[in-house]
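A short worksheet on the structure shown next.
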Amino acid sequence: MIKILDHLEEWLVAFLMAAATLITFASVAHRYGSGFESLQPILLEINMGWAQELTIYMFVWMAKIGAAYGVRTGIHVGVDVLINKFDTPLRNKFVLFGLFAGALFTAIIGCLGAYFVWENGMAYATLTTFGMETGDFYEGPTTPDLEWPTWMVYSAIPVASFLMCFRFLQVAWIFAKTGELPHHDHGHVDGIEEEPVAIGEAFVIAEEQEHAHGGKARKGDQQ
């Protein structure tokens, strides 16, 4: 189940990023293409006024879900210079305190966000769908261009916040059992296998590259 959630998290971020990029490219191409008289009869019939609004919403969802992904993989920047100087038992307590504080904060944001979304139109839509009385709940506003219910867009706040809360608790559980935190190597590129190189070999390779560049420079000077 956890692996499915991990993959779903990654797929959503990748899909939203790719889709937003394609929509932005199509919108820009449509805007500049409309300046050509030969293309105007075709392109002016296509309405792309919704593109900017949609990409904004997609990037919001991508950023919120990506924040939860960052907790799981250790991408978020943390200042731990002072904590790492403590003895291991004391350091572990501070790390767990930080993780639980993050879980508490995101849980509060998730609850407040869920209440806001529920009052902003989700309650009306849910009760209407099941044929129940809506009471004092109102339909809620819609977005300017797409005319979607705003509660759907704002749902990113509670959904992603609760997901981040779960990730904080997951990292805290693993750390309490193993003493290890997720670590992300910013120099690593996914899909590229890194071959270990001995220090001596690395020095020789660097020296050869330096001589090669120096030789090319001297040939250029001679020419």
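The values are calculated or read from the model by the stated rules, or taken from the named source; none is laboratory data. In this text the structure is predicted, and so the values were computed from the model without any measurement. No Cβ is skipped: glycine too gets one built from the backbone with ideal geometry, and neighbour counts run over all protein chains shown. Ligands, DNA and RNA are stripped out before the accessible areas are found, and what is left, the full protein with its side chains, is counted by its heavy atoms. Shrake-Rupley method; radii C 1.70, N 1.55, O 1.52, S 1.80 Å.
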Listed by first then second residue, the pairs whose first member lies in segment 14-28 and is over 14 Å from Trp50 (Cβ atoms), whose partner is part of a helix (DSSP H, G or I), with beta carbons under 7 Å and at least 6 positions apart or on separate chains, are Leu16/Met58; Leu16/Trp61; Leu16/Met62; Met17/Met62
Here the qualifying pairs (Cβ atoms under 6 Å; residues six or more apart or on different chains; first in segment 47-58 and within 13 Å of Glu147 (Cβ to Cβ); second in a loop (DSSP other than H, G, I, E, B) and open to solvent by 80 Å² or more (accessible area, probe 1.4 Å)) come out as Gly49/Asp145; Trp50/Asp145; Glu53/Asp145
Flagged in segment 22-36 as surrounded by 13 or more Cβ atoms within 10 Å (Cβ to Cβ) and within 30 Å of Ala160 (Cα to Cα), in numbering order, are Ile23, Thr24, Ala26, Ser27
Within segment 75-134, residues over 30 Å from Pro149 (Cα atoms), of a type in the set (Val, Ile, Thr), under 25 Å from the mean Cα position of the chain (by Cα) and exposed (fewer than 14 other Cβ atoms within 10 Å of the Cβ) come out as Val77, Val79
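Of the residues Val95, Val71, which is touching an Asp or Glu at 6+ places or on another chain (Cβ under 9 Å), in contact (Cβ under 8 Å) with a residue 12 or more places away in the chain and closer than 29 Å to Glu9 by Cβ? Give the steps one after another, and end with the answer.
Numbers: Val71 fails: touching an Asp or Glu at 6+ places or on another chain (Cβ under 9 Å).
Just one listed residue meets the conditions, Val95.
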Pro141 passes all but one of the listed conditions (1) open to solvent by less than 70 Å² (accessible area, probe 1.4 Å); (2) touching a Gly at 6+ places or on another chain (Cβ under 6 Å); the exception is number (2)
Per the filter on segment 1-20, residues open to solvent by 80 Å² or more (accessible area, probe 1.4 Å) and of a type in the set (Val, Ile, Thr) are Ile4
Scanning segment 37-73 residue by residue, those over 30 Å from Ile174 (Cβ atoms), polar (S, T, N, Q) and open to solvent by less than 70 Å² (accessible area, probe 1.4 Å) turn out to be Gln40, Thr55
